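Quick notes on the structure that follows.
Just so you know, all these numbers are worked out from the coordinates, no wet-lab data involved. The model shown is predicted, which means the values in this text are computed figures rather than measured ones. Note that we place each Cβ from the backbone using ideal geometry, even for glycine, and neighbour counts take in every protein chain shown.
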Ligand SMILES: C[S@@+](CC[C@H](N)C(=O)[O-])C[C@H]1O[C@@H](n2cnc3c(N)ncnc32)[C@H](O)[C@@H]1O
């Protein structure tokens, strides 16, 4: 997968995949988008202090480091399970500027998350563990029940095969009742698939540059 680093409008980095003509984040601002979609509409809406989070896919690690930074200020215990088929190389992740643009992120966190082994639970801080699963979303091996899901695949237009009953059904099987799933997409086909897999679907305000996104609850 040929890709290169790009700067987005809020000064934070994203990766751009040439073959797909698609970036990992909104060009309006990677940091703004992740903060809005996954932290504000996701993490901050879960009223539990112990969270088991599933992320599809890990990518740059931006959602993971933001979640860890929040876990420190909010005193949350977090087990974070991230799935990724195309991990970044060291030559790529060491260039990302997230430690410069995210306040209160302990130095070295992004490097520790990327360089830790795949397929093992690793303690990143006192209250945050990370398990990285190197797998295709269609054949994930998800071990436990999650109460928050960050669905961050490439867009349904570019990778429709990852927004199917098959993948969302797998997620539904490991989502506990009341679990929250957030994604930046608000497409009708995504809403219908989530609904048919047992999620109650809500359209909520999107990040800068996007009117709406989805926040769904497992019923
Ligand atoms: C929109 S990017 C989001 C990345 C990440 N959440 C971030 O903040 O950087 C989508 C991610 O899904 C990964 N991916 C694409 N196809 C996949 C597949 N079939 N199985 C697992 N991961 C995949 C990509 O490599 C990429 O990291």
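Each label was represented as a point 7 Å from its Cα along the Cα-to-Cβ direction; for residue 50 and residue 90 these points are 3.7 nm apart. Fully extending the segment from residue 138 to residue 27, taken as 0.36 nm per residue of separation minus the present Cα-Cα distance, adds 37.2 nm. Antiparallel beta bridges, as assigned by DSSP with both residues in segment 40-188, represent about 15 percent of the total such bridges. The alpha-carbon atoms of segment 171-219 define a convex hull whose volume equals 61 cubic angstrom per residue.
With the cut-off at 1.5 for a/c, could you classify the chain from its C-alpha gyration tensor as rounded, prolate or oblate? It is rounded, given that a/c, with a ≥ b ≥ c, falls under 1.5. Note on residue 74 and residue 192: their simple-model spin labels are 3.3 nm apart, each label 7 Å out from Cα toward Cβ.
Computed from the Cβ-Cβ distance with R0 of 35 Å, the FRET efficiency linking residue 157 to residue 99 stands at 0.60. When the helices of the chain are scored as -39500 (n - 2.57) per DSSP H run of n ≥ 4 and the total is divided over every residue, the value at 222 nm lands at -6000 deg cm²/dmol. From the alpha carbon centroid of segment 169-219 to that of segment 59-120 is 24 Å.
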